[in-house]
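Q: If you scroll down you'll find the structure; I have some questions about it.
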Amino acid sequence: MTSIAEHAPVSLPGIPDVLSSATELIGNTPLVELRSLPRGLPGRILVKLENRNPGGSAKDRIALHMIRTAEASGELLPGATIVESSSGNTGIGLALVGRLTGHPVIIIHSGFISAEKKAVLLAYGAELVEADWEAGPDDPNNARALADRIAAQTPNAWRSSQYENAANPHAHYTTTGPEIWRQTAGTVTHFVAGIGTGGTITGTGRFLSEASDGRVRVIGADPVGSTYSGKESGTIVVDGVGTRWPRSNWPGIFDPAVPDEIRVIDDRRVYDTVRRLAAEEALLLGPSSGLAIAAAIDVATAAEPGSVVVVIAPDGGGNYLTKAFNDEWLSLAGVNADGFADGSSD
Ligand code: PMP
């Protein structure tokens, strides 16, 4: 009897549309135009829906690319354990691709992770370790340092290091950027993205700048409390974006020369935008999408008529029902939801 493994790579004769695994669902995400939020603005806003990746976020792209690149170079051996520090999405991407490529996955998180994401990580079979949220950049108990230690202590482990791994921006340079260029037939004029590791904006922004001979303007969106904008560090209440750390500790893969500007969006507007996206556009997206889309609205407001503003929506809202869509959590996080556009707190 033949095993499942022997069948896996073979396309089925006569039904070529059948994919051989969930990894083939990664990338080629749709662009959808916003109708309601930018009404009357000179620029159009096209949202790239990264929640359509199988693990639900843009991070599936880098998980696949980091694993393939490390396997090809011999850095990641067959069956080796993958260790990563992640606020959730990279962990989910790694757990998904790790499962399909035979690698156990250990995720170190700082506690600022939604209950839903934790459940998804466990469902994909990842092991979770909680680091100290308070620990600063030089503290051995911060998530990155703890991940380094766990990798060193685990036999046959590989540290994927999304903050330093060139395969992170390269995944976006070779997939997200070309997709946007193709999907807009080269008419994109502005590109907006939040900055976590900086992989999305560095890889996609660089590709679009090069493809357009510098015509595409690249805009970073930053939450309050993040130092990417050059402001003071403080509490960040938007998952997956911003850094509390000084410039000397910014991720190695983030190239600050790629964004032409970085806009700060206040927390109330982030969450109001998330609610409006669901209520008016029927797009259930995560907080970092609200951040980037609010920045895109500002860009489209100031842009020349006919501008085409492409914005990344890194993940969906389903993983934040207990946070972004929960007034009680918002008020604990210091965000006043009274009078939000969807009327939910009336
Ligand atoms: N939004 C969410 C929800 C994320 O998890 C991340 C990644 N940390 C980002 C945005 C930012 O993407 P990048 O790391 O590529 O800058």
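The values are calculated or read from the model by the stated rules, or taken from the named source; none is laboratory data. Because the structure is a prediction, the values reported are computed rather than measured. As a convention, Cβ positions derive from the backbone with ideal geometry for all residues, glycine included, and neighbour counts pool all protein chains shown. The accessibility values were calculated without ligands, DNA or RNA, using every heavy atom of the protein model including side chains. Shrake-Rupley method; radii C 1.70, N 1.55, O 1.52, S 1.80 Å.
Q: Among (1) under 23 Å from E232 (Cα atoms); (2) open to solvent by less than 10 Å² (accessible area, probe 1.4 Å); (3) assigned to a helix (DSSP H, G or I), which single condition is P251 missing?
A: (3)
Q: When only residues in segment 100-121 that are over 24 Å from P137 (Cβ atoms) and charged (D, E, K, R) count, which is modelled with the lowest pLDDT?
A: Ranking the candidates gives E116 first.
Q: Could you tell me which numbered condition F112 fails, if it satisfies all but one of (1) surrounded by 20 or more Cβ atoms within 10 Å (Cβ to Cβ); (2) touching a residue at least 60 places away in the same chain (Cβ under 8 Å); (3) among the aromatic types (F, W, Y)?
A: Checking F112 against (1) surrounded by 20 or more Cβ atoms within 10 Å (Cβ to Cβ); (2) touching a residue at least 60 places away in the same chain (Cβ under 8 Å); (3) among the aromatic types (F, W, Y), the one that fails is (1).
Q: Also, quick follow-up: Quickly run through segment 121-138 and pick out the residues that are open to solvent by 40 Å² or more (accessible area, probe 1.4 Å) and under 20 Å from I236 (Cβ atoms).
A: Scanning segment 121-138 gives E130, D132, W133, E134, P137, D138.
Q: If I go through segment 67-99 residue by residue, how many of them are more than 12 Å from the ligand (Cβ to nearest atom), assigned to a helix (DSSP H, G or I) and modelled with pLDDT of 95 or more?
A: 12
Q: Look at segment 301-320 and say how many of its residues are crowded, with 24+ Cβ neighbours inside 10 Å and touching a strand residue (DSSP E or B) at 6+ places or on another chain (Cβ under 8 Å).
A: Initial filter on segment 301-320 (crowded, with 24+ Cβ neighbours inside 10 Å): 309-315, 319-320.
Next cut, touching a strand residue (DSSP E or B) at 6+ places or on another chain (Cβ under 8 Å) only: 309-315.
Total meeting the criteria: 7.
Q: Kindly indicate which of S87, S57 is under 19 Å from S288 (Cβ atoms) and open to solvent by 10 Å² or more (accessible area, probe 1.4 Å). Step through it out loud before you land on a result.
A: Working: S57 fails: open to solvent by 10 Å² or more (accessible area, probe 1.4 Å).
So the residue among S87, S57 that is under 19 Å from S288 (Cβ atoms) and open to solvent by 10 Å² or more (accessible area, probe 1.4 Å) is S87.
Yes or no, residue by residue, for (1) of a type in the set (S, T, Y); (2) closer than 24 Å to H170 by Cβ; (3) open to solvent by 40 Å² or more (accessible area, probe 1.4 Å); (4) assigned by TED's automatic domain parsing to the domain that holds N326:
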residue: M66; (1), (2), (3), (4): no, yes, no, no
residue: A72; (1), (2), (3), (4): no, yes, yes, no
residue: A80; (1), (2), (3), (4): no, yes, no, no
residue: V83; (1), (2), (3), (4): no, yes, no, no
residue: G102; (1), (2), (3), (4): no, yes, yes, no
residue: V105; (1), (2), (3), (4): no, yes, no, no
residue: A119; (1), (2), (3), (4): no, no, yes, no
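Q: Could you tell me which residue of segment 168-187 is farthest from the ligand (Cβ to nearest atom), considering only residues that are open to solvent by 20 Å² or more (accessible area, probe 1.4 Å) and in contact with a strand residue (DSSP E or B) (Cβ under 9 Å, 6 or more places away or on another chain)?
A: T187
Q: Collect the residues in segment 29-62 that are polar (S, T, N, Q) and either within 15 Å of the chain's Cα centre (by Cα) or not assigned by TED's automatic domain parsing to the domain that holds V299 (or both), keeping them in residue-number order. Write out each step before concluding.
A: Here is the first cut: in segment 29-62, the ones polar (S, T, N, Q) are 29, 36, 51, 53, 57.
Hits for segment 29-62 are T29, N51, N53, S57.
Q: Next question, about the same structure. In segment 188-225, which residues are touching a His at 6+ places or on another chain (Cβ under 7 Å) and within 16 Å of the ligand (Cβ to nearest atom)?
A: G199, T200, G203, T204, I219
Q: If you check V32 against the conditions, is it within 23 Å of A193 (Cα to Cα), open to solvent by 20 Å² or more (accessible area, probe 1.4 Å) and not in a loop (DSSP other than H, G, I, E, B)? Before you say what the answer is, go through the steps one by one.
A: Working: within 23 Å of A193 (Cα to Cα): yes; open to solvent by 20 Å² or more (accessible area, probe 1.4 Å): yes; not in a loop (DSSP other than H, G, I, E, B): yes.
Taking the combined requirement at face value, the residue satisfies it.
Q: Can you spot a residue in segment 268-287 that is within 12 Å of the ligand (Cβ to nearest atom), open to solvent by less than 10 Å² (accessible area, probe 1.4 Å) and in a loop (DSSP other than H, G, I, E, B)? Quick ask: steps written out before the conclusion?
A: As a first pass, look at segment 268-287 and keep what is within 12 Å of the ligand (Cβ to nearest atom): 270, 274, 285-287.
Now narrow it down to the ones that are open to solvent by less than 10 Å² (accessible area, probe 1.4 Å): 270, 274, 285-287.
In the following step, the residues that additionally are in a loop (DSSP other than H, G, I, E, B) were identified as 286.
Checked against the condition, which is being within 12 Å of the ligand (Cβ to nearest atom), open to solvent by less than 10 Å² (accessible area, probe 1.4 Å) and in a loop (DSSP other than H, G, I, E, B), segment 268-287 yields at least one hit.
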